Ligand SMILES: Cc1cc2nc3c(=O)[nH]c(=O)nc-3n(C[C@H](O)[C@H](O)[C@H](O)COP(=O)(O)O)c2cc1C
C-alpha cells in the first residue's frame, strides 16, 4: 500500500516537472574563482566559523528550519532534506504580529503565479519571546545552526532582540531591513538600516546578514553598513516593479513577487551589490537547476532557495544533490 501511494505521488511529481528541468543533464558547472586569492568562492565563511553554500530563505522552512508540515512526507521519499541548507527562520518581530496569513486559508495571502509566487503575508508570527522559548532555547548547540531573521522599526526592540540572542547558539542573525509588504519611508529607512546594523553589532555576538530590497538606496546603505555585516541577501519584489497588470492580492496591497518573474530585478540587485562591495552576496530566485550556475556567474557566493520550496518542495533537495554530484561539492 505504502509503495503504491509513493508511486502515485512520484508519478505526480514527475508530471509536474518542467521540461527544462528534465533536459539539462549535460550542463557542466565550473566554480567561480576569486582572482586575488585563486580560491573557490562558492561558499560563505562567517567569522564564527560557520560556513554555508546553500541557504533556505526566510519563510521557506518555517520557524525552526525543519520545514512546514506539508513538506514532511517528502522526507520519507528522500525528496526533502533540510540538512542540506543553512535555514533562515521566518522573520520574527518583537511582539506577536497577525499579518495577513490565516492558517485556515493560506491562499488568502500567498498565490502561485507562472514560475513563482506572490505573497502578502506581512510578517505573521507569534513574536520573539514565543520563538525564543519554543525554538531558540531548544536548539542543539552546533548542529545545523539556524540563521534567525528579525524585523523591527524600533530601536528598543532591536536592542532587546539582539541582547537576548546572545544566550543561544546561532550561525547568524539576518536583519530583514524592509518588508516589501509594508510601505514605509525609504529615505529615512536607509539611515535607520545603517544605524541598526551598527547598533546590532555592538550588542550581539552573532554575525549579521543584511537583507535588502529593491526599494533601498543601496549606494547609500551598503558602503556605510559594510563594517557591521558579513553577508547580504535580497528580498522579494513589490508586484508593481514586475508586472503592469493588477495583482491577485491587490486587496492586501499587491504583495511581493519571488521566483522566476522576480529574477530580472533580484539578479540586477545582485549585480549591483557585487560591484559595490566585497561583502559576499547570497543569490536568490532559483527556479530551475541552471539558475544556480547563472547566479554564480553573476558573483553570488551562496545560493538561496525561497519560494521554490513552496511551489516545488522537492526541487531544492534534488538541485543541491545534483550540484554536489556534478561539481564535486
Ligand atoms: C510565503 C513567503 C513568506 C516569506 N516570509 C518572509 C519573511 O518572513 N521574512 C523575509 O525576510 N522574507 C520572507 N520571504 C521572502 C523570501 O525569504 C525570499 O527573500 C524571497 O522569496 C525572494 O527569494 P526567491 O525569489 O528565491 O523566492 C517570504 C517569501 C514568501 C514567498
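Readers should treat all values here as calculations from the given coordinates under stated rules, not as data from a laboratory. Given the structure is predicted, the values throughout are model-derived calculations rather than measurements. Cβ placement follows ideal geometry from the backbone for every residue including glycine, while neighbour counts extend to all protein chains displayed.
Annotations
- Each peptide in 67-73, 150-156, 315-321 receives the mean, over its residues, of other Cβ atoms within 10 Å, and ordering these scores from highest gives 315-321, 150-156, 67-73.
- Percent of C-alpha pairs per 10 Å bin in segment 38-326, short distances first: 6, 31, 40, 21, 2, 0.
- At full extension, residue 160 and residue 70 could sit 29.1 nm farther apart than now, given 0.36 nm per residue minus the alpha carbon distance.
- In nm, spacing of pseudo-spin labels at residue 95 and residue 298 (7 Å Cα→C-beta vector): 3.8
- Length added when fully stretched, residue 191-residue 77, from 0.36 nm per residue minus Cα-Cα: 36.3 nm
- Sorted fewest first by neighbouring Cβ atoms within 10 angstrom, 252, 126, 77, 165 come out as 77, 126, 252, 165.
- At an R0 of 56 angstrom, the distance between the Cβ atoms of residue 104 and residue 278 translates into a FRET efficiency of 0.75.
- Proxy reagent accessibility, fewest Cβ within 10 Å first, across 230, 163: 163, 230
- Residue order for 83, 141, fewest other beta carbons within 10 angstrom first, comes to 141, 83.
- Projecting label points 7 angstrom from Cα along Cα→Cβ for residue 203 and residue 51 puts them 3.2 nm apart.
- Alpha-carbon centroids, segment 73-112 and segment 283-329: separation in whole Å: 18
- Structural descriptor for segment 38-326: relative contact order 21 percent, calculated from alpha carbon pairs under 8 angstrom and at least 6 residues apart.
- Take 231-242, 98-109 and order them by the average number of nearby Cβ atoms within 10 Å per residue, most first; the result is 231-242, 98-109.
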